[in-house]
Amino acid sequence: MRIGGLASGMDTDTIIKQLMTAQRAPLDKLSQKKQLVEWKRDDYRALNNKILEFRNVAFDMKLQSGYLTKKVSSSQESIVSVSASPLANEGQYSMKIEQLAKSATLNSGDLAGAASSTKTLGSLSLSSDTQLIITGEKGSKTINIKMGDSIDQLVTAINNESASTGVKASYDANMDRLFFTSAKTGASSQINLELANGDNISNIFGFTSSSEVTEGTVSFATSSSLVDGGIVGTKALTVNYDGQDYNFDITATTTIGSLVDKINGQMNKVGISVRLNSNGEMSFHNSDKSKPISVSDNDGNNIVNKLGIDESTMNVNSSAISMLGTNAKVLFNGIEAEYDSNTFTIAGMTFTAKQTSNTVVDIGVSQDVDAVVDRIKSFVEKYNTLLDEVNKELLEKKQRSFQPLTDEQRKEMDEDEIKRWEERARSGMLSNDTLITSGLNGMRLSLSDSVSGIPTGQIKSLTEIGISNTNINGTSISGTYADRGKLYIDEDKLKKALIENPDEVMALFTNDGATGSSDGIATRLYDRASTLFKEITDKAGATTSNENSYSMGKENIELKAQMDRLTLRLMDIEDRYYKQFTAMEKYINQMNSQSAWLTQQFSQ
């Protein structure tokens, strides 16, 4: 803290401040130059963001899928709805929904006692604490259940394992029923519930749609265990279901796991599933107990006995119940197909089956010309918008009489004055910028030059599809030199080209040739925009860029270094001024002391 002028009476601080104002002029110039660099950098970045947006649009225009948009119709939306991808071929098709895909579901009967989720499993006749084995399309899980557990606790325990089993449960107190559902639809979905203590699960929960479950008596160690390693040649296991035989070949190398897979692969669709239970025993699950099932073998090979199945009695395990889902069955152009979901894809068309019907639904696929026109119009609008932004920057005049404000100047102005001044000071930062001008000219050439390499007689330029710098519509003319290259569209001419030559219009935009002249319009513009974006990034960087990674950042670093050096020099000068004034005050003080002494001597 300095206090001056005690001896001289001079305002030392003000004098030194005025002296330093002249000394600070070079530092103010550097600060203004640094501010101009930052403003120009920011304007470059703002424009580069718009160039990036246009480049992304140009990339989308390079993709052929955008020109292959299809319009699809269904004569009966209430039966089946449909959407089409670019892969769908134009034409007429037929669809008939014979069966909807359904998930496996299992409903209990009215549960014993008062309708309440707090009733216990013991009140439903569960004889002992035991385990409930839950099997769904995702796998099997075993949960511990107790006689004192409530319905709510049972539902929670089942749902806690749904990620592993695919089976969920719910309880409705009004209906006093349990509802079990599988996570997915189709024949592969399943619900299998089994009580480990042997209690009759149907009696406990009142299942009315019980399935017949037949279990063998032979326990296999793993699914890779051989059925019979001593078999010579090929033998057959026959499963008769509802009067129809299903034959499965077995050799000395056939494992119990592969046999189970063979049977399921052929018989799941009719409601029969086979698995190895927790004891490794082979069990058959019949979704319709009204249809008889039996198992036999040939040639006296005793395969049935080796599997531990009594084909004459087909023992029913009342401790288990099983249900399967169903596939959707459809006729597409008279050809039958099955799907595990009601939403499925055929020949590039995605169908959603809503209800079965004897009605044949007519499906029509045609080119969506309007969608392609809208896409091209949007592309042209994006180009024109970018053109306006670029021309605005290039044509804005630089008001050189307005320079960035110094700190001292800011102190003398209010906020509105500062705002108005800086608007003028930062105008024209990119006026006639050579980098941007060169990039813009490149884009204009990309639009005007014909696409080479296209066969003679085909569309080669934008003007042939009604896109140019001018548009004549009757007596009205759009587009002048003052528009500086904006594009206009003759929609009628564009639609006509798309209807008559859609592939040629697509090639005009999307061609990716060996040379730049053979590239399509969108490909060229994407490449031009990418190049300009990189050049501006190399010069002005991005908001996340390190200053050392781009040229204007390096310039800014150098300006900061110069300002730091000059600031230190100014501090030294200011210190020297204060030392000089302090010395003067000291000498004046000494002279005043001597003068006072002399005055005192003369007065004696």
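The values are calculated or read from the model by the stated rules, or taken from the named source; none is laboratory data. Treat the numbers as computed from the prediction; the structure is a model and nothing was measured. Glycine gets a Cβ as well: all are built from the backbone with ideal geometry, and neighbour counts include every protein chain shown.
Odds and ends about this structure:
- For the range 195-205, the condition of being in contact with a Gly (Cβ under 9 Å, 6 or more places away or on another chain), aromatic (Phe, Trp, Tyr) and crowded, with 17+ Cβ neighbours inside 10 Å holds for at least one residue.
- Filtered by the rule that a residue be part of a helix (DSSP H, G or I) and basic (Lys, Arg), the range 15-54 gives Lys17, Lys29, Lys33, Lys34, Lys40, Arg41, Arg45, Lys50.
- Of all residues making up the range 282-301, the number that are within 30 Å of Ile143 (Cα to Cα) and modelled with pLDDT under 80: 7
- Residue pairs meeting the criteria (Cβ under 6 Å; at least 6 apart or on separate chains; first in contact (Cβ under 8 Å) with a residue 60 or more places away in the chain, in the range 25-44; second surrounded by 15 or more Cβ atoms within 10 Å (Cβ to Cβ) and of a type in the set (Gly, Ala, Ser)): Arg41/Ala540; Tyr44/Ala540
- Some residue of the range 65-75 being outside any helix (DSSP H, G or I), in contact with a Lys or Arg (Cβ under 7 Å, 6 or more places away or on another chain) and touching a residue at least 24 places away in the same chain (Cβ under 8 Å): no
- Considering the conditions (1) at pLDDT below 80; (2) crowded, with 17+ Cβ neighbours inside 10 Å; (3) more than 30 Å from Leu132 (Cα to Cα), Phe248 is excluded by exactly one of them, (1).
- Only one of Asp60, Asp129 that is more than 30 Å from Arg275 (Cβ to Cβ) and of a type in the set (Asp, Glu): Asp60
- Residue check, Ala583 without any contact (Cβ under 8 Å) to a residue 12 or more places away in the chain and not polar (S, T, N, Q): yes
- Among the residues of the range 370-384, some residue qualifies, meaning at least one is closer than 30 Å to Ser431 by Cα and more than 27 Å from the chain's Cα centre (by Cα).
- Failed criterion for Gly271 (all others in (1) farther than 14 Å from Val295 by Cα; (2) at pLDDT 85 or above hold): (2)
- Pairs where the first residue, in the range 351-369, is touching a residue at least 40 places away in the same chain (Cβ under 8 Å) and the second is of a type in the set (Phe, Trp, Tyr) and surrounded by 14 or more Cβ atoms within 10 Å (Cβ to Cβ), C-beta under 8 Å, 6+ apart: Phe351/Phe344; Ala353/Phe344; Asp362/Tyr93; Ile363/Tyr93; Gly364/Tyr93; Val365/Tyr93
- Among the conditions (1) in contact (Cβ under 8 Å) with a residue 40 or more places away in the chain; (2) exposed (fewer than 13 other Cβ atoms within 10 Å of the Cβ); (3) part of a strand (DSSP E or B), Asn89 misses just one, which is (3).
- Test for Ala497: is it over 30 Å from Ile15 (Cα atoms), touching a residue at least 40 places away in the same chain (Cβ under 8 Å) and among the hydrophobic types (A, V, I, L, M, F, W, C): no
- Check on Leu440, assigned to a helix (DSSP H, G or I) and touching a helix residue (DSSP H, G or I) at 6+ places or on another chain (Cβ under 7 Å): yes
- One residue stands out among those in the range 173-224 that are part of a strand (DSSP E or B), among the β-branched types (Val, Ile, Thr) and at pLDDT 85 or above: the one that is farthest from Leu132 (Cα to Cα), which is Thr185.
- Leading residue by the ranking (farthest from Pro26 (Cα to Cα)) among those in the range 386-426 that are among the β-branched types (Val, Ile, Thr) and touching a residue at least 40 places away in the same chain (Cβ under 8 Å): Val390
- Residue match in the range 308-320 (condition: within 52 Å of the chain's Cα centre (by Cα), part of a loop (DSSP other than H, G, I, E, B) and modelled with pLDDT of 80 or more): no
- Checking the range 558-568 against the condition returns a match, with at least one residue being farther than 30 Å from Tyr44 by Cβ and assigned to a helix (DSSP H, G or I).
- Screening the candidates Ala542, Ala522 for the property of being over 30 Å from Gly457 (Cα atoms) and either assigned by TED's automatic domain parsing to the domain that holds Ser461 or aliphatic (A, V, I, L, M) (or both) yields one hit, Ala542.
- Enumeration of residues in the range 424-439 that are closer than 17 Å to Gln32 by Cβ and either aliphatic (A, V, I, L, M) or more than 41 Å from the chain's Cα centre (by Cα) (or both): Arg424, Ala425, Met429
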